[in-house]
Amino acid sequence: MKELVEVIAKALVDHPDEVVVNEKSDGKGTKIELHVAPSDMGKVIGKQGRIAKAIRTVVKAAASAKDDAYVDVDII
């Protein structure tokens, strides 16, 4: 899932070299943290959070299709 978030984020931002994705596993599932440049934050979040919601939806669908696991995406 980390690679999926990274590919999507790098396609959206102006500074793809500053995209950092961290993946942490806990008892409930996996937490993915997406770090982007401050100037690119609006491009990843989108108007009214629509792009962020779409990223979360795609990742959750891919995770459930793969191994039926819980995945949470945080944009930092």
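Just so it is clear, none of the values below were taken in a lab; they were calculated from the coordinates. What you see is a predicted model, and the numbers here were worked out from it, not measured in a lab. Using ideal geometry, Cβ is built from the backbone for each residue, glycine included, and neighbour counts are taken over all protein chains shown.
Structure data summary
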{"quantity": "Ile76 paired with Glu23, simple spin-label distance in nm, labels 7 Å along Cα-to-beta-carbon", "calculated": "1.7"}
{"quantity": "Exceeding the 22 Å Cα-Cα cut-off - candidates Lys28/Lys60; Lys2/Lys47; Lys43/Lys66", "calculated": "Lys2/Lys47; Lys43/Lys66"}
{"quantity": "Antiparallel %, DSSP beta bridges [both residues in the chain], to 5", "calculated": "55"}
{"quantity": "Calculated over the range 2-75: convex hull of Cα atoms, volume per residue (Å³)", "calculated": "78"}
